[in-house]
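Data block below; observations after.
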Amino acid sequence: MTPTVSPARPEECPDLTRIAHAAKAHWGYPAEWLRRWAPQLTIEPAALLRHEVRVLRDEAGRPRGFYALGRVGDEATLEHLWLDPAMIGRGFGRVLYQDAIAHARALGASRLTIESDPFAEGFYRRMGAVPIGRVAAHLDDTERWLPLLEVRL
């Protein structure tokens, strides 16, 4: 597959939501946690106005992954980076990530911060992100910490 990455379109939001939900479920989280995370994993057309959302598309133009960048001043934040589970481990995450870095630079950001899912931390570190802290994300009786990473642009 030769992917392309380009801006998201409002009519793709249901596909992006499906990808985010499937990708999060791929890591084996409990169904109740996935239900509680559903609002954060749902991509509405209004999100396309608040964030820079770019989509990885296959040869047929179907969305297979996406990312969303937020921005405050000269800092960009990686709000989402999700791949269809069938695409994981095939180099397409790298394609999306590299596009996100290039896009953040083009927007004038001097750094990119990533509040990572614990399962994705290794990927981001292999891509050059460095740990700068952690964020509490406790659920029920489970103590959870999300890695906070940074890339200097």
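The values are calculated or read from the model by the stated rules, or taken from the named source; none is laboratory data. What you are looking at is a predicted structure, and each value in this text was computed from that prediction instead of being measured. So basically every Cβ, Gly included, is an ideal-geometry build from the backbone, and we count neighbours across all protein chains shown.
All conditions in (1) in contact with a His (Cβ under 7 Å, 6 or more places away or on another chain); (2) basic (Lys, Arg); (3) free of Cβ contacts under 8 Å to residues at least 12 places away in the same chain hold for Arg144, with the sole exception of (3). Only one of the numbered conditions (1) at pLDDT below 95; (2) farther than 15 Å from Ala23 by Cβ; (3) out of contact with any Asp or Glu (no Cβ under 8 Å at 6 or more places or on another chain) is not met by Gly133, and that is (1).
For Ala104, the conditions (1) loosely packed, with under 13 Cβ neighbours inside 10 Å; (2) over 12 Å from the mean Cα position of the chain (by Cα) all hold with the exception of (1).
Considering only residues in segment 100-126 that are aliphatic (A, V, I, L, M) and touching a strand residue (DSSP E or B) at 6+ places or on another chain (Cβ under 8 Å), the one that is nearest to Lys24 (Cα to Cα) turns out to be Ala120.
Set side by side, the residues Ala120, Ala76 differ, and just one is in a helix (DSSP H, G or I), of a type outside the set (Val, Ile, Thr) and surrounded by 12 or more Cβ atoms within 10 Å (Cβ to Cβ), which is Ala120.
Counting residues in segment 52-63 that are part of a strand (DSSP E or B) and either in contact (Cβ under 8 Å) with a residue 60 or more places away in the chain or of a type in the set (Gly, Ala, Ser) (or both) gives zero. The residue that is nearest to Ala106 (Cα to Cα), counting only those in segment 51-61 that are modelled with pLDDT of 95 or more and out of contact with any Lys or Arg (no Cβ under 6 Å at 6 or more places or on another chain), is Glu52.
Under the condition of being surrounded by 15 or more Cβ atoms within 10 Å (Cβ to Cβ), over 20 Å from Ile132 (Cα atoms) and among the small types (Gly, Ala, Ser), the residues counted in segment 79-101 number 1. Does segment 23-36 contain at least one residue that is over 12 Å from the mean Cα position of the chain (by Cα) and under 26 Å from Arg71 (Cβ atoms)? For segment 23-36, residues over 12 Å from the mean Cα position of the chain (by Cα) and under 26 Å from Arg71 (Cβ atoms): absent. Of the listed requirements (1) out of contact with any Ser or Thr (no Cβ under 6 Å at 6 or more places or on another chain); (2) under 20 Å from Ala137 (Cβ atoms), Arg62 misses just one: (2).
Restricting Arg144, Arg57 to residues that are in contact with a Pro (Cβ under 9 Å, 6 or more places away or on another chain), surrounded by 12 or more Cβ atoms within 10 Å (Cβ to Cβ), under 25 Å from Glu11 (Cβ atoms) and among the charged types (D, E, K, R) narrows the list to Arg57.
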